[in-house]
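The values are calculated or read from the model by the stated rules, or taken from the named source; none is laboratory data. No experiment lies behind these values; they were computed from the predicted model shown. With ideal geometry, Cβ positions are generated from the backbone for all residues, glycine too; neighbour counts draw on all protein chains shown. Ligands, DNA and RNA are excluded from the accessible area calculation, which covers all protein heavy atoms including side chains. Shrake-Rupley method; radii C 1.70, N 1.55, O 1.52, S 1.80 Å.
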Amino acid sequence: MDYVTALDEALARLHEEGRYRTFIDIEREKGAYPHAVWRDADGTKRPVTVWCGNDYLGMGQHPAVLSAMHEALDATGAGSGGTRNISGTTVYHKALEAELADLHGKEAALLFTSAYIANDATLSTLPRLFPGLIIYSDALNHASMIEGVRRNGGSKRIFRHNDVAHLRELLAADDPAAPKLIAFESVYSMDGDFGPIAEICDLAEEFGALTYIDEVHAVGMYGPRGAGVAARDRLAHRIDIINGTLAKAYGVMGGYIAASERMCDAVRSYAPGFIFTTSLPPAVAAGAAASVRHLKHDQSLRDAHQTQARILKTRLKALGLPLIDHGSHIVPLIVGDPVHTKLLSDRLLSDHGLYVQPINFPTVPRGTERLRFTPSPVHRADDIDKLVRALDELWAHCALNRADMTG
């Protein structure tokens, strides 16, 4: 086989479809986020405002977080030195897990290097703990959940997105005695819609199923202490396993599950994705713990975040742009074509210093390609003004109704 040609052809297909992903070289500046600098094609540094970051609340530059990380770094050095089972468990990891268990009102929490790994490792391990387990997975679940369900070797059922009636049909069709688990999300990151948590919990109780919720795009931002949508709706006690991240609203890195002591102990003992992975650096764990601790009490950041999202959505709607609004903090602007989406993203960056990454298939279905904006409390009023003016100009100038995009 001509391996070089095969690679060239695979990459060429992405270019032809307008789906080739380009990295933007961003240099964040402490205290300045969402303002940063980027290097253009000739290496020149230019100012940019980041509109697609997942540091939703700006906690990646919060003094409490940075202070905790500096203190831990000076005390312990850089890496953890091993897996959690072999020298990689420190007081910082244990303190973070205690903060997370308290956050969600669960007996325990288990820390992973990312929420992707937490989802994949946990969902792929559960059938070993519950032989014959059937997992019912929402059709729009994150890739990490899909991969975990796919790899576990057990039975799976895919229910139509947020379709509780379809979920009921699937549950009713299976053996009542079979162990079951329903896996879904609280906030779906591409459309910004909410999962029907109460209705799913009702079905889980009726059919004797466990519940597994991904709160990655909700922790830190919803609920009276930032524990997510389930906590906001006073439903967290009905959820058996909660997955969350420390890399978005908390501004650092890592993922976790929160559940019963027995559940966390079993996953810890059986999941290869936990057992064989070097643990997070102590400084990262310390910073994440400080962020979780701070956001348990700082409601003002959550309120400001929601206000910024409402303002941006209101102003984009006033321009008549095709926006999806399900009431969350996610602001998706549907373009509907990968080439047009990429060109619009490029023009925002090159002409206006505004960075928003195009979202294409397979992240979203073909024909729903979009720009996904993530306003935050650290975006100023003039930042929003600049973005709205640029979109107004480019949407008309580039004729995104499938006409000429070259302007």
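From the list LEU73, LEU57, which residue is among the hydrophobic types (A, V, I, L, M, F, W, C), within 17 Å of ALA247 (Cα to Cα) and at pLDDT 95 or above? Answer to the selection: LEU57. Scoring ARG302 on the criteria (1) outside any helix (DSSP H, G or I); (2) of a type in the set (Lys, Arg); (3) open to solvent by less than 10 Å² (accessible area, probe 1.4 Å) leaves a single failure, condition (1). Could you give me the residue pairs with C-beta distances under 9 Å whose first residue belongs to segment 266-277 and is over 16 Å from PHE130 (Cβ atoms) and open to solvent by less than 30 Å² (accessible area, probe 1.4 Å), whose second residue is small (Gly, Ala, Ser) and in a helix (DSSP H, G or I) wherever it lies, and which are 6+ apart or on separate chains? Correct list of pairs: GLY273/ALA118; GLY273/ALA121; GLY273/SER124; GLY273/GLY148; PHE274/ALA118; PHE274/ALA121. Does segment 68-79 contain at least one residue that is open to solvent by less than 10 Å² (accessible area, probe 1.4 Å) and over 27 Å from ILE239 (Cα atoms)? Yes: one or more hits. Has segment 346-353 got any residue that is under 21 Å from the mean Cα position of the chain (by Cα) and open to solvent by less than 50 Å² (accessible area, probe 1.4 Å)? No: segment 346-353 contains no residue that is under 21 Å from the mean Cα position of the chain (by Cα) and open to solvent by less than 50 Å² (accessible area, probe 1.4 Å).
Being in contact with a Pro (Cβ under 9 Å, 6 or more places away or on another chain) and of a type in the set (A, V, I, L, M) is true of LEU301. Could you please give the count of residues in segment 209-225 that are under 19 Å from the mean Cα position of the chain (by Cα) and farther than 21 Å from HIS142 by Cα? The number of residues fulfilling the criteria is 2.
What about ARG366, is it under 25 Å from MET145 (Cα atoms) and either part of a helix (DSSP H, G or I) or open to solvent by 30 Å² or more (accessible area, probe 1.4 Å) (or both)? So ARG366 fits the description; yes. Of the residues in segment 86-93, not one is open to solvent by less than 10 Å² (accessible area, probe 1.4 Å), farther than 23 Å from ALA231 by Cβ and aromatic (Phe, Trp, Tyr).
From HIS340, HIS326, grab the single residue that is touching an Asp or Glu at 6+ places or on another chain (Cβ under 7 Å) and not in a strand (DSSP E or B). Of the residues listed, the single one that is touching an Asp or Glu at 6+ places or on another chain (Cβ under 7 Å) and not in a strand (DSSP E or B) is HIS326. Only residues that are of a type in the set (Val, Ile, Thr) and either within 12 Å of PRO377 (Cα to Cα) or open to solvent by 20 Å² or more (accessible area, probe 1.4 Å) (or both) were counted across segment 305-345, and they come to 6.
LEU246 - would you say it is out of contact with any strand residue (DSSP E or B) (no Cβ under 6 Å at 6 or more places or on another chain), surrounded by 21 or more Cβ atoms within 10 Å (Cβ to Cβ) and modelled with pLDDT of 95 or more?
Values: out of contact with any strand residue (DSSP E or B) (no Cβ under 6 Å at 6 or more places or on another chain): yes; surrounded by 21 or more Cβ atoms within 10 Å (Cβ to Cβ): yes; modelled with pLDDT of 95 or more: yes.
It is true that LEU246 is out of contact with any strand residue (DSSP E or B) (no Cβ under 6 Å at 6 or more places or on another chain), surrounded by 21 or more Cβ atoms within 10 Å (Cβ to Cβ) and modelled with pLDDT of 95 or more.
With the requirement that a residue be among the aromatic types (Phe, Trp, Tyr) and part of a helix (DSSP H, G or I), what does segment 88-114 give you? TYR92 - this is the single residue of segment 88-114 that is among the aromatic types (Phe, Trp, Tyr) and part of a helix (DSSP H, G or I).
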